[in-house]
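**Student:** Got a structure for you, written out below as structure tokens; questions coming shortly.
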């Protein structure tokens with residue numbers, strides 16, 4: 001379940017979810033509602049990316065099994081795209 005606009009239900013752009021900075025805003029193209037990421041989203045993505053980087057460095061150095069890389073990547077993708085509570089807040093309508 002990808003994150004959707006709470007007003008009209010249109011999916012929020014994957015590009016913004018992936019590349020949007022914590023202080024950037026997203027405007028829904030259908031209804032015009034404006035959303036921003038929360039501190040919780042920034043914290044979750046930062047910790048997930050830190051964990052993924054740690055795993056990648058371990059795999060490159062040969063200290064970690066490469067089979068752990070796929071679940072770590074899946075975790076970060078879930079944090080980026082799945083509609084978890086309190087990740088976005090509506091700034092204006």
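The values are calculated or read from the model by the stated rules, or taken from the named source; none is laboratory data. This one's a predicted model, so the numbers in the text were calculated from it and none came from an experiment. Because the Cβ atoms are built from the backbone with ideal geometry, glycine has one as well, and the counts that use them run over all protein chains shown.
**Student:** Kindly indicate which of 45, 68, 57 is part of a helix (DSSP H, G or I) and surrounded by 14 or more Cβ atoms within 10 Å (Cβ to Cβ).
**Tutor:** Unique residue meeting the criteria: 45.
**Student:** Take residue 73 and tell me if it is within 18 Å of residue 2 (Cα to Cα) and part of a helix (DSSP H, G or I).
**Tutor:** So residue 73 passes the test.
**Student:** Can you name the residue in the range 4-30 that is in a loop (DSSP other than H, G, I, E, B), without any contact (Cβ under 8 Å) to a residue 40 or more places away in the chain and surrounded by 14 or more Cβ atoms within 10 Å (Cβ to Cβ) and is also farthest from the chain's Cα centre (by Cα) among such residues?
**Tutor:** Checking each candidate, the answer is 28.
**Student:** Being exposed (fewer than 12 other Cβ atoms within 10 Å of the Cβ), modelled with pLDDT of 90 or more and over 12 Å from the mean Cα position of the chain (by Cα) is the filter here, so list the residues in the range 71-93 that pass it.
**Tutor:** 71
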